[in-house]
Amino acid sequence: MSRARAVWQRVPAPVVDIVLVAVAAVDAWLIMWEHTRLGVALAALGCAALAFRRRFPLGVFLLTLPIALMQDVAVAVLVSLFTLAERSRDRRLLAGCVALSAIASSTPWPLAEVDRTMTVVFFVYGLATAAAPVLFGQLVQAQRDLARRLVEIEEAREHERALHAQAVLARERAQLAREMHDVVSHQVSLIAVRAGALQVATQDMDAKEAAGTIRSLSVTTLDELRTMVTLLRASGGHATELTPQPTLADLHKLVESSGTHVELSGELPPSVGTPAQRAVYRTVQESLTNVRKHAPGATARVELWQDGDDVGVTVTNTAPTRPSLPLPGSQQGLVGLRERADILRGTLDSGPTAEGGYRVRLRVPLSAD
């Protein structure tokens, strides 16, 4: 049933109208009692009016009503009643049209002596006949309304599911923000305080310098943690101002606070896009962090360069001069950098050097966005 309905719905409306006009005309010509000029003219007018039944359903019904005077059951009248019932919600109007159709079909034509008994019988028969397309049209209307209502309900449910997912995500972000603020920030703050105390108390210049570096890095880490907490609490909204992301202008400060002897060379044009600047900064940051963790005593060289429409950075470190301590790590730093480079349609290469060091090289388009 649904397949037949789908096929019928794919038929263009003008084709359906032409077919109905033709069927109604053949029906009127074959079953009409007398083919008088007036009768043929009225029948032709009523059949032709079916082409406009969608725009003027009531008017078309009134134009087809004379055909009911000239034959018992007229296709044109039934089609016009169905269209009117499908598009109208006025039950009184529909009841009146059914009564008019029954009266027209039970009235003898041409007018002659009336047999009351047969007229009543024909009237009841006409009521039943006219009520059928009206009930069917109302059924189609109710089915269409139900389908529309089901679509609205499904859209409302989808919207409710999206709101629920957003609420769950917001709660998870808020919980994560509290954990970061209460636990991680607290621990980093203690590190900064202890490093500051050691910097003041110690007389060893190397220890004093190391303590100062630890304190500086702890303060920077606290700033980044505050940014992340703010981002998590924002939950995707626009009401919270976020700390600006680092750019090339922050590279010198990053190198100076790295705790490693780093040589910075080269420069990039001012037209480098902001996403590319962040990618360069994060690459240098992750590379210098890896140098501190895995190559103690090594020196590093950060080289900014431009090659045509591409820009990039190369971070190279020498071999370590002393064994590295077993520090915890996620092993995801370089993976994240590669993903960032892929998003910007760039590349990231990394690997050991022939001298025992390590090299990380990032290339991204100049106008990466």
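The values are calculated or read from the model by the stated rules, or taken from the named source; none is laboratory data. Keep in mind the model is a prediction, meaning the values are calculated, not measured. All Cβ positions, even for glycine, are placed from backbone atoms using ideal geometry, and neighbour counts span all protein chains on display.
Structural remarks
- Residue satisfying all of: in segment 344-363; in contact with a Ser or Thr (Cβ under 8 Å, 6 or more places away or on another chain) and under 14 Å from residue 313 (Cβ atoms); surrounded by the fewest Cβ atoms within 10 Å (Cβ to Cβ) among these: 359
- Matching residues in segment 179-199 - criterion: being hydrophobic (A, V, I, L, M, F, W, C), surrounded by 13 or more Cβ atoms within 10 Å (Cβ to Cβ) and modelled with pLDDT under 70: 180
A quick yes/no check of all residues on (1) assigned to a helix (DSSP H, G or I); (2) over 24 Å from residue 19 (Cα atoms):
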residue	(1), (2)
42	yes, no
49	yes, no
54	no, no
68	yes, no
80	yes, no
84	yes, no
96	yes, yes
102	yes, yes
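- Restricting segment 278-324 to residues that are aliphatic (A, V, I, L, M) and either surrounded by fewer than 20 Cβ atoms within 10 Å (Cβ to Cβ) or at positive phi (or both) leaves a set whose member that is modelled with the lowest pLDDT is 319.
- On inspection, residue 303 fails the criterion of being of a type in the set (D, E, K, R), part of a loop (DSSP other than H, G, I, E, B) and more than 16 Å from residue 336 (Cβ to Cβ).
- From the list 176, 169, 163, the one residue that fits, being modelled with pLDDT of 70 or more, over 30 Å from residue 256 (Cβ atoms) and loosely packed, with under 11 Cβ neighbours inside 10 Å, is 163.
- Filtered by the rule that a residue be without any contact (Cβ under 8 Å) to a residue 40 or more places away in the chain, under 51 Å from the mean Cα position of the chain (by Cα) and surrounded by fewer than 24 Cβ atoms within 10 Å (Cβ to Cβ), segment 62-84 gives 62, 63.
- Residue 335 assigned by TED's automatic domain parsing to the domain that holds residue 285, modelled with pLDDT of 90 or more and among the aliphatic types (A, V, I, L, M): no
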